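All remarks here apply to the structure that follows.
The values are calculated or read from the model by the stated rules, or taken from the named source; none is laboratory data. The structure presented is a predicted model; accordingly, all values stated were derived computationally and were not measured. As a convention, Cβ positions derive from the backbone with ideal geometry for all residues, glycine included, and neighbour counts pool all protein chains shown. Ligands, DNA and RNA are stripped out before the accessible areas are found, and what is left, the full protein with its side chains, is counted by its heavy atoms. Shrake-Rupley method; radii C 1.70, N 1.55, O 1.52, S 1.80 Å.
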Amino acid sequence: MRYRYSIISTWLLLGICCMLLNTNTADAQRSSDSAMYAFVNHLISQMTIDEKIGQLNLLTSDMAVTGPSMRKQYIEDIKAGRCGGIFNAYGPAYVRHLQSLAVDSTRLHIPLLFGFDVIHGHKTIFPIPLAMACSWDTSAIAHAARIAATEASADGLNWVFSPMVDIARDPRWGRVAEGAGEDPYLGSLIARAFVRGYQSNNLADSQTVMACVKHFALYGAVEAGREYNIVDMSRRRMFEDYLPPYHAAIEAGAGSVMSAFNEINGIPATANHWLLTNLLRHKWHFKGFVVTDYNAIPELINHGIAADTFQASKLAFQAGAEMDMQGLAYIHTLKQLVEQGQISMDALDRAVRDVLIAKYRLGLFEDPYNRINEDRAQREIMSPDKLRFAREMARESIVLLKNENYLLPLKKTGTIAVIGPLANDQRDMIGCWSGAGDWHKAVSILEGIREAVGNRAKILYALGANITDDTAMLRRLNAYGADIHPSSQTPQQLIQEAVATARKADVVVLCLGESEAMSGEAASRADIHIPENQRELMKALYATGKPIVLVLSNGRPLVLTWENAHIPAILETWFLGTEAGHAIADVLFGDYNPSGKLTMSFPYAVGQIPVYYNHKNTGRPAMPGVKWTSKYLDIPNDPLYPFGYGLSYTHFRYSSIRLDRQEIMPGDVLHVRVDVTNDGDRDGIEIVQLYIHDRVADVTQPVKQLKAFQRIYLKKGETRTVEFSLTAKDLQIYDRHMHLGAEPGVFDVYVGGNSRDVQSASFTLQ
Ligand code: NOJ
């Protein structure tokens with residue numbers, strides 16, 4: 001059914017005429033914007049206060065056994081114009097039904113937004129974001145986001161709660177799985193790539209979805225890695241390390257921002273005027289709208305800065321939180337707050353305008369059903385080309401952590417024992433936050449291996465262990481919605497069977513790690529080893545003397561100190577999505593040469609956390625054998641595997657660095673060149689990384705900061721000169737007055753295949 005809101009065509013016509021009259025695109029943009037503002041302002045002028053507040057109310061749909069459902073009261077709310085958007089509802093028929101309730105039953109026929117957590121794919125599930133980040137392939141990530149947008153929009157959605165761009169240095173926090181890792185530079189590029197992929201160039205295109213940058217801000221720095229905990233951070237650290245990716249996403253045009261659950265230095269993000277208004281609106285010129293996280297407004301009462309929902313609403317609204325996600329706070333309090341003069345009608349109109357503009361940009365006033373298309377859903381969702389790309393994305397995301405004596409790649413001959421709780425497992429492969437993903441369609445590691453070898457090799461299988469035998473954890477995971485069923489065999493029986501299986505094989509592919517429910521939201525872990533019972537299995541298998549390839553599936557960096565010391569080959573595969581098993585088999589057998597590099601340091605021990613590559617030097621940098629220097633008595637300072645680290649089946653040799661000059665002036669470009677040779681016996685991809693260090697500055701600087709990288713493909717024996725260009729902009733720092741600028745002085749420049757093993761040179765900025 002076509003939308004009946006006749007005034008829209010007049011306004012659109014007006015806009016189009018204005019555009020035709022203007023030859024210049026900037027002018028055309030301005031006039032189409034003015035048509036949009038005119039339309040939206042006219043609409044607001046017709047709205048009652050209840051209708052306005054309704055636009056700021058975001059309600060959830062539920063999932064019943066029989067399929068998607070909507071609480072009765074919410075249906076009434078939609079029909080009465082007390083709802084501006086729905087989340088957790090998808091599927092063409094269902095979305096069409098809900099949209100028609102809003103469009104047909106309300107006085108002004110204003111369409112709804114339909115949001116969902118499309119975090120790493122909609123139906124075709126890609127690797128978890130932390131894994132995709134390890135590809136360092138921003139065009140591939142943008143393409144994955146584009147595919148997610150195509151599928152999500154075909155399923156009726158017009159808004160995704162992604163990208164999650166929280167910088168994270170603490171792997172105990174389960175949500176590290178959802179972000180890009182620890183580096184602000186790479187994190188910013190990835191944030192942009194996601195926004196570009198989701199929104200394309202034209203939000204009105206029915207194959208796009210509006211992005212929602214989250215969690216604004218600093219959620220990745222929750223104290224002790226404990227979920228929903230507080231954040232206390234200096235402005236310096238915010239601007240240097242944590243804020244850049246949010247800013248990048250906003251500069252890329254993200255249409256919405258989600259406020260974070262955490263407080264920032266005593267003021268919860270959702271009620272933080274400095275954050276949501278001064279920084280976001282005034283400094284960064286954000287033009288979209290801000291939605292809170294789930295129930296975050298009432299939670300201001302628990303935070304202890306509001307006595308009741310009225311006060312909570314007032315604080316959140318005045319701070320700049322415009323849409324209330326499932327807190328039901330605005331809908332119950334804003335009217336009274338406006339009537340009492342505590343919130344002005346102008347302020348209310350501003351928030352409503354931002355939401356309506358988003359709907360306008362999405363083309364919903366022209367056609368509220370523009371994204372609901374059964375045929376497209378049938379045709380597009382999980383189409384072969386999408387699955388093919390998911391497999392490519394997945395293999396690019398795998399990181400080879402260790403490969404003693406080139407145990408990998410394996411031959412597709414002999415007898416291979418595939419053992420472990422994650423071997424014959426589809427559910428966990430798609431990882432956390434895979435809302436609409438169907439795990440029954442995921443390829444398990446065992447299946448991937450079987451398919452790859454056909455009848456050339458004999459494949460044996462044993463479960464070996466449950467995901468965990470920690471009954472308290474298991475109870476919690478299952479109570480929170482996981483569906484983990486331990487085997488009826490005892491742990492000893494499982495291990496015995498696995499050992500017997502391993503003895504019959506030439507090599508063991510040992511699939512260990514975490515359940516998907518052990519990372520993501522509300523999944524912090526204090527102990528980030530592989531669960532103890534799985535490690536017992538590993539030790540028993542190690543004792544057989546069989547060569548072991550450890551294939552890890554997990555959502556965060558783990559402590560792998562024992563594994564690194566004993567197991568000859570270790571492959572970090574994260575949770576790779578629908579095509580996991582195929583991608584892992586591609587790498588195991590060398591059909592794809594691994595190229596991923598870590599974007600989060602793997603700690604040597606939990607006691608090191610937070611451990612990250614871009615740390616400061618201190619006044620007493622660690623010196624072996626010198627007591628009074630900054631170090632531990634019992635463990636090294638360095639992580640087990642550093643940022644940027646990852647091996648290949650081939651080997652890359654770096655020449656020393658060549659600079660085209662030793663001194664540069666502020667307007668100059670410095671060229672940094674290095675020859676990279678593939679001196680192994682396979683073609684492969686190397687991610688060449690460039691770091692800098694400002695030796696003496698107004699304010700202490702990190703020992704290294706990533707400033708550029710290139711992902712290059714080299715044939716075996718090939719040498720390529722990789723050239724980077726640096727300008728004074730790359731050397732900018734925040735001085736002690738928080739002014740951004742480059743200071744004259746000496747800089748070290750490092751180039752290498754990870755943040756630890758680098759070539760170095762230096763130059764002077766005059
Ligand atoms: C809470 C999570 O923190 C957020 O990331 C998510 O988008 C919302 N719930 C909606 O599901």
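Observations
- Residues that are of a type in the set (D, E, K, R), outside any loop (DSSP other than H, G, I, E, B) and open to solvent by 10 Å² or more (accessible area, probe 1.4 Å) within the stretch 195-225 comprise Arg196, Glu223, listed in sequence order.
Matching residues to (1) part of a strand (DSSP E or B); (2) of a type in the set (S, T, N, Q); (3) surrounded by 18 or more Cβ atoms within 10 Å (Cβ to Cβ):
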| residue | (1), (2), (3) |
| --- | --- |
| Thr700 | no, yes, no |
| Phe709 | yes, no, yes |
| Lys716 | no, no, no |
| Leu726 | yes, no, yes |
| Met738 | no, no, no |
| Asp748 | yes, no, no |
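- Among the residues of the stretch 166-194, those identified as open to solvent by less than 10 Å² (accessible area, probe 1.4 Å) and within 16 Å of the ligand (Cβ to nearest atom) are Asp166, Ile167, Ala168, Trp173, Gly174, Arg175, Val176, Ala177, Glu178, Gly179, Ala191.
- Output for the stretch 326-339, where each listed residue is hydrophobic (A, V, I, L, M, F, W, C), surrounded by 24 or more Cβ atoms within 10 Å (Cβ to Cβ) and not in a loop (DSSP other than H, G, I, E, B): Leu334
- Residue check, Ala540 open to solvent by 10 Å² or more (accessible area, probe 1.4 Å), of a type in the set (A, V, I, L, M), under 21 Å from Ile467 (Cβ atoms) and part of a loop (DSSP other than H, G, I, E, B): no
- Among the residues of the stretch 80-92, those that are within 16 Å of the ligand (Cβ to nearest atom), closer than 29 Å to Ser344 by Cβ and touching a residue at least 60 places away in the same chain (Cβ under 8 Å) comprise Gly84, Gly85, Phe87.
- Arg535 falls short on exactly one of the conditions (1) open to solvent by less than 40 Å² (accessible area, probe 1.4 Å); (2) more than 20 Å from Thr599 (Cβ to Cβ); (3) within 16 Å of the ligand (Cβ to nearest atom), and that condition is (3).
- Tally of residues being closer than 14 Å to Arg281 by Cα and either surrounded by fewer than 17 Cβ atoms within 10 Å (Cβ to Cβ) or more than 16 Å from the ligand (Cβ to nearest atom) (or both) across the stretch 249-262: 3
- Residue match in the stretch 355-369 (condition: within 16 Å of the ligand (Cβ to nearest atom), under 30 Å from Pro127 (Cβ atoms) and not hydroxyl-bearing (Ser, Thr, Tyr)): no
- Here is the figure for the stretch 134-187: residues that are β-branched (Val, Ile, Thr), within 26 Å of Leu400 (Cβ to Cβ) and not in a helix (DSSP H, G or I) total 1.
- For Asn295: the one exception among (1) closer than 24 Å to Ile86 by Cβ; (2) within 16 Å of the ligand (Cβ to nearest atom); (3) crowded, with 18+ Cβ neighbours inside 10 Å: (3)
- Qualifying residue in the stretch 118-133 (condition: within 16 Å of the ligand (Cβ to nearest atom) and either without any contact (Cβ under 8 Å) to a residue 60 or more places away in the chain or assigned to a helix (DSSP H, G or I) (or both)): yes
- The one condition in (1) more than 15 Å from the ligand (Cβ to nearest atom); (2) open to solvent by less than 10 Å² (accessible area, probe 1.4 Å); (3) among the small types (Gly, Ala, Ser) that Gly115 fails to fulfil: (1)
- Within the stretch 500-522, being among the small types (Gly, Ala, Ser), crowded, with 24+ Cβ neighbours inside 10 Å and in a loop (DSSP other than H, G, I, E, B) holds for Ser515, Ser519.
- Residue check, Tyr246 closer than 30 Å to Leu186 by Cα and not in a loop (DSSP other than H, G, I, E, B): yes
- Condition check for Asn278: away from the ligand (no atom under 14 Å from the Cβ) and either open to solvent by 10 Å² or more (accessible area, probe 1.4 Å) or modelled with pLDDT under 95 (or both): yes
- If you check Ser162, Ser153 for being within 14 Å of the ligand (Cβ to nearest atom) and among the polar types (S, T, N, Q), only one passes: Ser162.
- Of residues in the stretch 130-164 being open to solvent by 10 Å² or more (accessible area, probe 1.4 Å) and in contact with a strand residue (DSSP E or B) (Cβ under 8 Å, 6 or more places away or on another chain), the one farthest from Glu240 (Cα to Cα): Asp137
- Summed over the stretch 580-612, the residues that are assigned to a helix (DSSP H, G or I) and among the aliphatic types (A, V, I, L, M) give a count of 7.
- Single residue of the stretch 609-640 satisfying the filter (free of Cβ contacts under 8 Å to residues at least 24 places away in the same chain and of a type in the set (Val, Ile, Thr)) that is surrounded by the fewest Cβ atoms within 10 Å (Cβ to Cβ): Val626
- Among the conditions (1) buried (at least 24 other Cβ atoms within 10 Å of the Cβ); (2) in contact with a strand residue (DSSP E or B) (Cβ under 6 Å, 6 or more places away or on another chain), Val231 misses just one, which is (1).
- Taking the criterion of being farther than 30 Å from Gly590 by Cβ, in contact (Cβ under 8 Å) with a residue 60 or more places away in the chain, part of a strand (DSSP E or B) and open to solvent by less than 70 Å² (accessible area, probe 1.4 Å), the residues of the stretch 659-698 that qualify are Leu659, Ile664, Leu670, Val672, Tyr691.
Matching residues to (1) small (Gly, Ala, Ser); (2) over 26 Å from Leu560 (Cα atoms); (3) in contact with a Phe, Trp or Tyr (Cβ under 7 Å, 6 or more places away or on another chain):
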{"residue": "Arg169", "(1), (2), (3)": "no, no, yes"}
{"residue": "Glu178", "(1), (2), (3)": "no, no, yes"}
{"residue": "Ala191", "(1), (2), (3)": "yes, yes, no"}
{"residue": "Ala204", "(1), (2), (3)": "yes, yes, no"}
{"residue": "Asn229", "(1), (2), (3)": "no, yes, no"}
{"residue": "Pro245", "(1), (2), (3)": "no, yes, no"}
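- From the list Asp104, Asp77, Asp62, the one residue that fits, being within 26 Å of Ile430 (Cβ to Cβ) and either open to solvent by 10 Å² or more (accessible area, probe 1.4 Å) or within 16 Å of the ligand (Cβ to nearest atom) (or both), is Asp62.
- Pairs where the first residue, in the stretch 47-75, is on the phi < 0 side of the Ramachandran plot and outside any strand (DSSP E or B) and the second is of a type in the set (Val, Ile, Thr) and within 16 Å of the ligand (Cβ to nearest atom), C-beta under 6 Å, 6+ apart: Ser61/Ile86
- Selection status of Ile305, in contact with a strand residue (DSSP E or B) (Cβ under 8 Å, 6 or more places away or on another chain), more than 13 Å from the ligand (Cβ to nearest atom) and part of a loop (DSSP other than H, G, I, E, B): yes
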